[in-house]
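The values are calculated or read from the model by the stated rules, or taken from the named source; none is laboratory data. The structure presented is a predicted model; accordingly, all values stated were derived computationally and were not measured. Don't worry about glycine lacking a Cβ; one is built from the backbone with ideal geometry, like all the others, and counts go over all protein chains shown. Side chains are part of the model used for accessible areas, which takes the heavy atoms of the whole protein and leaves out ligands, DNA and RNA. Shrake-Rupley method; radii C 1.70, N 1.55, O 1.52, S 1.80 Å.
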Amino acid sequence: MTSAAGVRPTIPAVRTTYRLVTALTLAGGFFAFVLAGETEDWFAWTITPDLSAAFLGAGFWGTAVAAFLASRERYWDRTWTVLPPTTILMLLSLAATFMHHDKFDFESFFGWAWLAAYVADPTAVLVLLAVQRQVPGGPSPRQPFPIWMTVVLAVLATIIVAVAVALFLQPEETAELWPWALTPLTGRIIGSWLMGIGLAAGVAAWEGCWRRYYPVAAWLAAIGVFELLALAIYGGDVDWGDPYGWVYLAVVALVTAVGAAGLAVVHLGLTFGQRATNTASSSSGTGRSSWS
């Protein structure tokens, strides 16, 4: 299976999986964001305060945007960047589920649906990767980042991953520095999401290509917008007298901006000092990840 241009295509099973993820995360976002105050009846566990539920809902909806756009990509090196961050995100969330299994409502559909999704998706990804990697073909043309974009993404990735590690390993201690109240379970789940977001920024910095950044850019921009909306609706849960709330707001705004920059380059043709596009043949030695 090869593309007409000799570029490695994305197999149909991967694109179908992305579409399924789109549907599931749209539904998850509805239950967590829109019904944030009713998670005791409409989610896998009771989440308090409402802003924590909305944070997860924003994450789901942001992932739905990224998964939908990734499902439309023909070339593998333009769609793979979403998979490692989301897979690690789900594996960490699964670990948190087992660590706090007593908090989950396994007498309801939502508890078992949560568990099934977080077991099935990483398993499916591993199987699909084994098939996808056997498909022949080279890389698509590159549109290299300017140095400043690589630096911004790398710094952002480092900060977010560091916070994610702290939240996951020491949720009670780290909660004192978080802008709203967290339980150990919500701290670890939010830490899992932050790990995915941070790794996505890191993968994008590593690839250093606007076109390969596209699905991650959509993910960052959408999550940022929905997180800002969550703050607008449930901002009363934040202690704005504490500087951590403003730091959080600044980081969310930065995540939104760097995601929007990627969308602007691809959709609007804007330039931010990037270098000239390389051809597929000249970029064959610069596809930095073995995933692609």
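A few comments on the model shown:
- When Ala218, Ala181 are checked against the criterion of being farther than 20 Å from Gly29 by Cα, of a type outside the set (Phe, Trp, Tyr) and touching a residue at least 40 places away in the same chain (Cβ under 8 Å), a single residue qualifies: Ala181.
- Qualifying position, being out of contact with any strand residue (DSSP E or B) (no Cβ under 9 Å at 6 or more places or on another chain) and either over 20 Å from Leu182 (Cα atoms) or buried (at least 17 other Cβ atoms within 10 Å of the Cβ) (or both), among Gly6, Gly57: Gly57
- Any hit, the stretch 78-89, residues being modelled with pLDDT of 95 or more, open to solvent by less than 40 Å² (accessible area, probe 1.4 Å) and out of contact with any Leu (no Cβ under 6 Å at 6 or more places or on another chain): yes
- Filtering the stretch 116-139 to residues that are in contact (Cβ under 8 Å) with a residue 24 or more places away in the chain, open to solvent by less than 60 Å² (accessible area, probe 1.4 Å) and closer than 21 Å to Thr87 by Cβ leaves Ala117, Tyr118, Asp121, Pro122, Ala124, Val125, Leu128, Leu129, Gln132, Val135.
- Considering the stretch 140-181, the residues that are more than 21 Å from the chain's Cα centre (by Cα) and crowded, with 22+ Cβ neighbours inside 10 Å include one that is modelled with the highest pLDDT, namely Trp180.
- Some residue of the stretch 233-248 being of a type in the set (A, V, I, L, M), assigned to a helix (DSSP H, G or I) and open to solvent by 30 Å² or more (accessible area, probe 1.4 Å): yes
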